[in-house]
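The values are calculated or read from the model by the stated rules, or taken from the named source; none is laboratory data. Keep in mind it's a predicted model, so treat the numbers as computed, not measured. Note that each Cβ is placed from the backbone with ideal geometry, even for glycine, and that neighbours are counted across all protein chains shown. Surface areas here come from the heavy atoms of the whole protein model, side chains and all, with no ligands, DNA or RNA. Shrake-Rupley method; radii C 1.70, N 1.55, O 1.52, S 1.80 Å.
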Amino acid sequence: CPACGAPLTAAKGSVRQHHFRHAVEVECEGAAESAIHLAAKQLIRERRQLTLPQYVLRKTLSDSKRRMHRDTEIVIPDETTRTFDSVAEECEVHGMRADLLAVEGNRPLMIEIRYMHPVDEEKRAKIQAANISAIEIDLSDVSDHVSDWASLWLMINDPARITWLYDSREKEARALLEKRLSALIATSEHEYD
């Protein structure tokens, strides 16, 4: 068992899908989570690519007449496929343990696999402070739907299951967005005179 280390046996019944079960009944609650984590990490390592969702920043500022000005900055376009030079498992990154660390050129991407517990606010803050791009892939319902490797890959590589925790280009993009909005407000203020 990937969670508790107990021996497993193959169950090839005619009622349920083929699977493995503990050879001797034991209290093991983490087997599904461990198996999903291991399988997802293996597939990402082997394929070395992911299709990512859009990463967009939005900002609203008001001028002296309380007129609202809005703008957006798309940091990463929707459904961007990134192919990685390398993918390493269980890496230490800025004092954090990453499920996977993928590198494209000189751009690292932390990849967290969610089955039971999402990345908490403390780790999100550490990711942002380290200025490292990071995503979380939600596989919390995989055990109910996955029947083979191809199905699992489709779930892993589905941008709708991926949440951006942070992108290292956010600070630059936010500064650009604020500069554009400030210029827009300055133009409005000039028109009021």
Give the long-range amide H neighbours of Leu8: residues separated by 5 or more places, or on another chain, with amide H under 5 Å away, using H modelled in the peptide plane at 1.01 Å from N.
Ala23
In range of the label at Thr51: residues from the range 85-121 whose backbone nitrogen is under 12 Å from the point 7 Å along Cα→Cβ
none
If N is the number of residues in the range 73-181, what value comes out of its Cα radius of gyration divided by 2.2 N^0.38 Å?
1.15
Counting as exposed only GluC sites (Glu not before Pro) in DSSP loop states with no more than 12 other Cβ atoms inside 10 Å, the longest exposed-site-free span of the chain is 80-193
Within the accessible area of the chain, what % is carbon and sulfur when the probe is 1.4 Å and the other protein chains stay in place?
48 percent
Counting heavy atoms of the protein chains only and a 1.4 Å probe, report the per residue accessible area for the chain as a whole number of Å².
60 Å²
Mind checking which lysines have their Cα closer than 23 Å to the Cα of Lys179? Skip sequence neighbours fewer than 8 apart in that chain.
Lys59, Lys65, Lys171
The farthest towards the positive end of the charge dipole of the chain, of the residues His94, Ala125, Pro108, given +1 on Cβ of Lys and Arg and -1 on Cβ of Asp and Glu, is Pro108
Gaussian network model of the chain, Cα within-10 Å springs - most flexible of His37, His94, His69:
His69
Lysines with Cα under 23 Å of Lys41, excluding same-chain neighbours fewer than 8 positions away:
Lys123, Lys126
DSSP beta bridges in the chain [antiparallel fraction, %, rounded to 5]
85 percent
What nm distance separates the two modelled labels at Ile185 and Arg58, each placed 7 Å from Cα along Cα→Cβ?
1.9 nm
If we restrict to alpha carbons, what Rg and Dmax does the range 131-193 come to, in Å?
20.8, 67
Length-normalised contact order of the range 135-193 in % [C-alpha pairs under 8 Å, at least 6 apart]
38 percent
